[in-house]
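This report refers to the structure that appears directly beneath it.
The values are calculated or read from the model by the stated rules, or taken from the named source; none is laboratory data. None of these values were measured; they are calculated from a predicted model. Cβ atoms come from the backbone with ideal geometry, glycine included; neighbour counts cover every protein chain shown.
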Amino acid sequence: MENDLPIHEIQSCCKLDFEDVDLEEINDNALPLCITDGSQGNQNFLPLAIPDELILKFGMEFDIEVATRYFYQKYAKASGFGTRLSKGHKDKNSDMMLDKVFCCSREGKRPKDKRNMSVKCPHPETRCDCSARMKINCRQAGKYRVVQFIAEHNHELSTPSKTHLFKSHKHMTIAHKAEIEMARICGIAPKQSIELMSKQVGGRENLGFIRDDLKNYLRCKRSIPMMQGDTGGVLEYLQRMQLEDPNFYSAIQVDEDDLITNIFWADAKMRTDFAHFGDVVCFDTTYRKHKDGKPIALFVGVNHHKQSTIFGAVLLYDETIGTFEWLFDTFAKAMIGKIPRTILTDQDRRMATVLASQWPTTYHRLCIWYIYQNAATHLADVFKDFQNFAADFSHCIYDYENENDFFAGWSEMLKMYGLEDNKWLKKMLISQFVEGIFINFFFSVQGFVLPYRFLEVE
């Protein structure tokens, strides 16, 4: 048994119910006691106003090792310091624990890191060779006994309102993680989320973690599937291409918490193709990865051989106005300021709003595939009453390649089914083509052929 250091009073074996300790009984007025050694001028600090249930004493016994560590952490939190495991020994034959030493987090001196001698932002030195500690050993009866306890510190202790900031006292429970995840799904920002949880437990000092811990948890949760899934592959691809292709362009958007949200990229071939064939572009966000549901959008066009060509790709975190503003601005930067004369998209009001403000000179039209899907809703009665209407409607919007033939066939279809005054069809059709251009080309996107016409955005 060690007795070379000052030991607190001896007490017989005891069991304590430390789950019932109320740390709220301790307030910031419970300042540590400062003791000055007159011979050497050293100052030692002792915590005051510690509840009787948390007073550590030499000779205390516990049934399990975890209980001793937990008790010392509770004592440390009430006293105003952090803890860590200093050292421990095991039996070489049975691998059974012999003893462990739990100490103040400011014990010892930090060894110099020789791996990098020119660190720009070194961590502040917090250790000051504090000797406060608790040592336990395992007895033959399977009990864990306190064989050494030093309460004095050589540094000032923290007040209870700040003790929760020590690493050893921060812990995020499963319930906390579930609540954080629910807040994220509901669109609640981390700042509001932690404020709400703090009020539920009576203050941040009772929460068990701080805002940075919450942000780190969200970052880790997002980075795990990112590194394992499609996004991780994209990031690896971007890094490799930037080394191999000097004209490769990529951009990453992060949110207020420095978490990756959207990723755009275009290689040299994509940018060159857009310079030659980028007058008309199809932007499609309907293709989604099955694993996490994040949309991968493609800027697609057609070259002089009527072959589909990709001008750029983006992995989107969401489809908000802010995301589309960043995306179309990034696309224009990637193409050195050039924007398409016409863009074909799906029916997204937010996208239409952004295009009208970001690219006011670009004509915005809808993909004919979406028009056909809407026709099934707006013209449901016509589809039901006329058996041949579906075939005639499809023939009209899909099969004509000449402008005059298209309008002739369209007018004939309207007259045949009495739809000349149908408001929805009038809204869809454009009576004038943009600068005399008639679009009729095909995209092999999403596994099926997509033809496009100039149809008004709904």
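One residue stands out among those in the range 377-401 that are in contact (Cβ under 8 Å) with a residue 40 or more places away in the chain and assigned to a helix (DSSP H, G or I): the one that is surrounded by the most Cβ atoms within 10 Å (Cβ to Cβ), which is Ile397. Of all residues in the range 186-224, those being at pLDDT 75 or above, more than 14 Å from Ala175 (Cβ to Cβ) and of a type in the set (Ser, Thr, Tyr) number 1. If you check Leu23 against the conditions, is it surrounded by 12 or more Cβ atoms within 10 Å (Cβ to Cβ), under 23 Å from Asn137 (Cα atoms), modelled with pLDDT under 75 and not basic (Lys, Arg)? No; evaluated as a whole, the condition is false for this residue.
Output yes when any residue across the range 265-279 is closer than 21 Å to Val354 by Cα and modelled with pLDDT under 80, and no when none is. No: zero hits. One residue stands out among those in the range 407-424 that are assigned to a helix (DSSP H, G or I) and in contact (Cβ under 8 Å) with a residue 24 or more places away in the chain: the one that is surrounded by the most Cβ atoms within 10 Å (Cβ to Cβ), which is Trp424.
Would you check if Asn404 is over 47 Å from the mean Cα position of the chain (by Cα), modelled with pLDDT under 80 and farther than 20 Å from Val302 by Cβ? Yes: the conditions hold for Asn404. Selection over the range 325-351 of residues that are assigned to a helix (DSSP H, G or I), at pLDDT 90 or above and either closer than 15 Å to Cys282 by Cβ or touching a Phe, Trp or Tyr at 6+ places or on another chain (Cβ under 7 Å) (or both) gives a count of 5. No other residue among Ser94, Ser86 is modelled with pLDDT of 75 or more and farther than 20 Å from Glu107 by Cα apart from Ser94. Summed over the range 292-324, the residues that are assigned to a strand (DSSP E or B) and either in contact with a helix residue (DSSP H, G or I) (Cβ under 7 Å, 6 or more places away or on another chain) or among the charged types (D, E, K, R) (or both) give a count of 9.
Of all residues in the range 307-321, none satisfies the criterion of being without any contact (Cβ under 8 Å) to a residue 12 or more places away in the chain and surrounded by 15 or more Cβ atoms within 10 Å (Cβ to Cβ). Of all the listed residues (Asn404, Asn374), the sole one being of a type outside the set (Val, Ile, Thr), touching a residue at least 40 places away in the same chain (Cβ under 8 Å), surrounded by fewer than 18 Cβ atoms within 10 Å (Cβ to Cβ) and assigned to a helix (DSSP H, G or I) is Asn374.
Residues that are touching a residue at least 24 places away in the same chain (Cβ under 8 Å) and farther than 30 Å from Met60 by Cβ: which helices (runs of 4 or more DSSP H) entirely in the range 144-213 hold 3 or more of them?
Answer list for the range 144-213: 174-185.
Restricting attention to the range 134-156, the residues that are among the basic types (Lys, Arg) and touching a Gly at 6+ places or on another chain (Cβ under 8 Å) total 1.
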